[in-house]
Each structure stands twice: as C-alpha cells, then as structure tokens.
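Structure record follows, encoded as structure tokens.
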Amino acid sequence: MPLYEYYCRKCAVKFEVLRPMQDADVAATCPEGHANAARTLSMFATVTAGGSDVPSMPSSGGGCGCGGGGCGCGR
C-alpha cells in the first residue's frame, strides 16, 4: 500500500496516511481530528553511499547535455 502525504488547513500540520491507491484522493482526517485534509505532492530523492544517483554531465563541449536542443539551451 502506498504512503500519501496530507496537509490540514486548520492546524497547519503535514501528516502521512498508508492507504489503497483507490482512496488516494479521499480527504483524510488529521491527527488532531480535523476532517478534509488535502493530499499534497511528495518530493522523492535517493542517496547512496557512493554518491548521487544523478548522472554526471558530459565533460566534452560543455552545455546542459540535452543532446540536441530539447530543453531550449540553444544547441
């Protein structure tokens, strides 16, 4: 079951709820008992002991490494 983050507008607390995907958009009740907490977007990142999982940029030619101008860098 996925873990979803919700935000309570009344007490301004962010909390998590483990629930089925089909119930992801159903309003949750916060730990203080307030109803209608809204689901928020979660940020996800991974870190390994060897460093970042983000691939490095190519060292030749500089630039952004988009490989052909798909990002608008002008290459």
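Within the set of pairs 6+ apart or on separate chains, which have a first residue in region 22-49 that is touching a residue at least 12 places away in the same chain (Cβ under 8 Å) and at positive phi, a second that is open to solvent by 60 Å² or more (accessible area, probe 1.4 Å) and not small (Gly, Ala, Ser), and C-beta atoms under 8 Å apart?
Partner pairs satisfying both residue conditions: 36/9.
Condition first: exposed (fewer than 11 other Cβ atoms within 10 Å of the Cβ) and of a type in the set (Gly, Ala, Ser). Now tell me which residues in region 28-41 satisfy that.
Scanning region 28-41 gives 33, 35.
Could you check residue 12 against (1) exposed (fewer than 10 other Cβ atoms within 10 Å of the Cβ); (2) at pLDDT below 60 and say which number it fails?
Condition (2) is where residue 12 drops out.
The values are calculated or read from the model by the stated rules, or taken from the named source; none is laboratory data. Remember, predicted model here, so these are calculated numbers, not experimental data. As a convention, Cβ positions derive from the backbone with ideal geometry for all residues, glycine included, and neighbour counts pool all protein chains shown. We work out accessible area using only protein heavy atoms, side chains counted, and drop any ligands, DNA or RNA first. Shrake-Rupley method; radii C 1.70, N 1.55, O 1.52, S 1.80 Å.
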